[in-house]
């Protein structure tokens, strides 16, 4: 059996080996024998032992030398060794044995009860050691599994968070993401005293587009417009988001009103170049967009939604003036400090 512990009995006298084997019969371990220290060391290369019963007085290599060599090998450094000796209970010899690595002593003639009792104790210690090693290995495996699962969960959470902040159709940021970014950038701009600019854009006569060409074509149109809206945004902090059905916003940190107008005009012209046919438009044969731009250096008495409201009013004005154009906030839209 692979889990059966092994005991090595080392004695240069075959009769002693037979006696020891008979005394340990039924102890619950596989018994192997060696008649010399050299043979014992050779067996160590082939087997993993739980205990060694080692005779002290042997020719060529005695028990002390054998134990010292066993302690010098990494694989057998902690192998329990019980010296079996007939040299008497000389304190010097006993001390030498412990220095060589012995964990206990048995004196010949061996008392059968003491022998079995000590062997059973060390076998139980070995069983506990092996059990602990198995449990430790199982625990390590579980820890690795949990760490892998943790990484999977973290990746899934990141993906879910990204999905919760992304418009499924266009791939732009969604309204929730925009609102969170607006709060963040508002606070940053207020600390730094920098302008924050918002562009609101709306596809002209999009309801009519859907009525004429269907919602599938409408969705394709939104995807194309979203790609155009994203293209001029080169800085990491700039954000393009889908605000509503056919309404988009650009959040432009550290950008003044003129910069926002330039961005809006660039997108307006790019949408015209798409040349998406729109028979329901009253201002031309192709799809167009209208834009409202607002910019402010945030102050404590203002609210981020003030910026949205002003940009939305500018967008409304652009529509009222004929669409397919960019309009900006009126002078003093944010009060005397604007």
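The values are calculated or read from the model by the stated rules, or taken from the named source; none is laboratory data. Quick caveat, the model's predicted, so the values are computed rather than measured. With ideal geometry, Cβ positions are generated from the backbone for all residues, glycine too; neighbour counts draw on all protein chains shown.
Number of residues in region 143-170 that are out of contact with any strand residue (DSSP E or B) (no Cβ under 9 Å at 6 or more places or on another chain) and closer than 29 Å to residue 229 by Cα: the value is 11.
The condition of being part of a helix (DSSP H, G or I), closer than 21 Å to residue 328 by Cα and out of contact with any helix residue (DSSP H, G or I) (no Cβ under 6 Å at 6 or more places or on another chain) holds for only one of 154, 145, 185, 162, that being 185.
Within region 8-47, restricting attention to residues that are assigned to a strand (DSSP E or B) and in contact (Cβ under 8 Å) with a residue 40 or more places away in the chain, which residue is surrounded by the most Cβ atoms within 10 Å (Cβ to Cβ)?
10
Residue by residue through region 281-298, note down the ones that are in a strand (DSSP E or B) and either under 29 Å from residue 193 (Cα atoms) or out of contact with any helix residue (DSSP H, G or I) (no Cβ under 9 Å at 6 or more places or on another chain) (or both). Answer for region 281-298, where residues must be in a strand (DSSP E or B) and either under 29 Å from residue 193 (Cα atoms) or out of contact with any helix residue (DSSP H, G or I) (no Cβ under 9 Å at 6 or more places or on another chain) (or both): 291, 292, 293, 294, 295, 296. From 241, 333, grab the single residue that is without any contact (Cβ under 8 Å) to a residue 60 or more places away in the chain and either under 12 Å from residue 201 (Cβ atoms) or surrounded by 15 or more Cβ atoms within 10 Å (Cβ to Cβ) (or both). 333 is the lone residue from the list that is without any contact (Cβ under 8 Å) to a residue 60 or more places away in the chain and either under 12 Å from residue 201 (Cβ atoms) or surrounded by 15 or more Cβ atoms within 10 Å (Cβ to Cβ) (or both).
Would you check if residue 169 is more than 17 Å from residue 255 (Cβ to Cβ) and either outside any strand (DSSP E or B) or in contact with a helix residue (DSSP H, G or I) (Cβ under 7 Å, 6 or more places away or on another chain) (or both)? Let's see the steps before the verdict.
Working: more than 17 Å from residue 255 (Cβ to Cβ): yes; either outside any strand (DSSP E or B) or in contact with a helix residue (DSSP H, G or I) (Cβ under 7 Å, 6 or more places away or on another chain) (or both): yes.
Yes.
Of all residues in region 195-228, those that are touching a helix residue (DSSP H, G or I) at 6+ places or on another chain (Cβ under 8 Å), surrounded by fewer than 18 Cβ atoms within 10 Å (Cβ to Cβ) and not in a helix (DSSP H, G or I) total 0. Within region 64-101, being touching a residue at least 40 places away in the same chain (Cβ under 8 Å) and outside any strand (DSSP E or B) holds for 66, 80, 97.
Looking at 114, 87 in this structure, which one is more than 49 Å from the chain's Cα centre (by Cα) and at pLDDT below 85?
Details: 114 fails: at pLDDT below 85.
None of the others qualify; the one that does is 87.
Of everything in region 255-280 that is assigned to a loop (DSSP other than H, G, I, E, B) and in contact with a helix residue (DSSP H, G or I) (Cβ under 7 Å, 6 or more places away or on another chain), the residue that is surrounded by the most Cβ atoms within 10 Å (Cβ to Cβ) is 278.
For region 299-308, a residue qualifies if it is part of a helix (DSSP H, G or I) and surrounded by 17 or more Cβ atoms within 10 Å (Cβ to Cβ), and the qualifying residues are 304, 306, 307, 308.
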